[in-house]
1. What does the extension gain come out to for residue 88 and residue 166, with contour length at 0.36 nm per residue minus their alpha carbon separation?
2. How are the alpha carbon pair distances in the range 28-212 distributed across 5 Å bins from zero to the largest one, expressed in percent?
3. Rounded, prolate or oblate: which fits the range 102-162, taking a ≥ b ≥ c as square roots of the Cα gyration tensor eigenvalues, rounded meaning a/c under 1.5, else prolate when a/b beats b/c?
4. Rounded to the nearest 5, what % of DSSP beta bridges with both residues in the range 28-212 are antiparallel?
5. At 7 Å along the Cα-to-beta-carbon direction for both residue 28 and residue 196, put a label point, then send me their distance in nm to one decimal.
6. Classify the range 136-213 as rounded, prolate or oblate, taking a ≥ b ≥ c as the square roots of the eigenvalues of its Cα gyration tensor: rounded when a/c is under 1.5, otherwise prolate if a/b is larger than b/c and oblate if not.
7. Among 36, 46, which comes first, second and so on when ranked by fewest other beta-carbon atoms within 10 Å?
8. Between residue 183 and residue 69, what is 0.36 nm times their sequence separation minus the Cα-Cα distance? Round to one decimal in nm.
Ligand code: GDP
């Protein structure tokens, strides 16, 4: 008897928990940050949420998924991909698989993906991959997100390192399949400097997506 009522209480608690979770899922959409290691993704995450991303024991390995609620949305930090000083090739592939699976499984919950790039090294890295006969990972992921129907904002970070902003951004957007001039893509391309706290163009894009929610 005592066992049964205890079990009933547990079940009630469980269903309340489930109810709470599903309500939260309906309410809170996600804004997901992706980017290769060292592009300034953690710096940007901190600017957007006020939260410091927890990192694992080894540099470059962010504990995943790191979520932080701000107002009615969750900001989600994905592990950094691409070159990592301390990661093996298998580890890099695993990271890419985690990212791809996450987007495939959560596509309908995602309000916006923010793809962070280091605008000062993006083209050099893309050229290096292409010289090896490979599709640059950042370009592949950008196209993959578009194919899934996910809205993507390109956060072109480290603009403080760039002398000719228009020239650099025109070349970057063209590489991602958008016709220059880049200024016609202000709804999805945001030149920022996360380290300096200059992220207004990205805030405008996020605001526009929140308003559509
Ligand atoms: P993550 O690996 O992508 O999470 O990158 P971090 O946020 O850890 O930043 C990597 C390095 O880039 C750090 O030394 C940051 O201080 C630096 N960084 C981040 N944002 C900027 C920026 O806007 N401009 C410059 N010049 N450096 C930045």
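1. Working: separation 78, 0.36 × 78 = 28.08 nm, distance 3.64 nm.
Length gained between residue 88 and residue 166: 24.4 nm.
2. Each 5 Å bin holds this share of Cα pairs: 1, 8, 17, 22, 23, 17, 9, 3, 0.
3. Values: a/c = 3.72, a/b = 1.45, b/c = 2.57.
Oblate, since a/c reaches 1.5 and b/c is not below a/b.
4. Values: 7 of 28 bridges.
Bridges in the range 28-212 that DSSP calls antiparallel: roughly 25 percent.
5. It is 3.4 nm.
6. Details: a/c = 1.65, a/b = 1.10, b/c = 1.51.
Oblate is the answer for the range 136-213, as a/c is 1.5 or above yet b/c matches or exceeds a/b.
7. Numbers: 36 24, 46 16.
If I rank by nearby Cβ atoms, fewest first, I get 46, 36.
8. On the way: separation 114, 0.36 × 114 = 41.04 nm, distance 3.09 nm.
That pair, residue 183 and residue 69, stretches by 38.0 nm at full extension.
Read the figures in this text as sums done on the coordinates, not as results from a lab. Bear in mind the structure is a predicted one, so any value in this text is a computation, not a measurement. All Cβ positions, glycine included, derive from the backbone under ideal geometry; neighbour counts span all protein chains shown.
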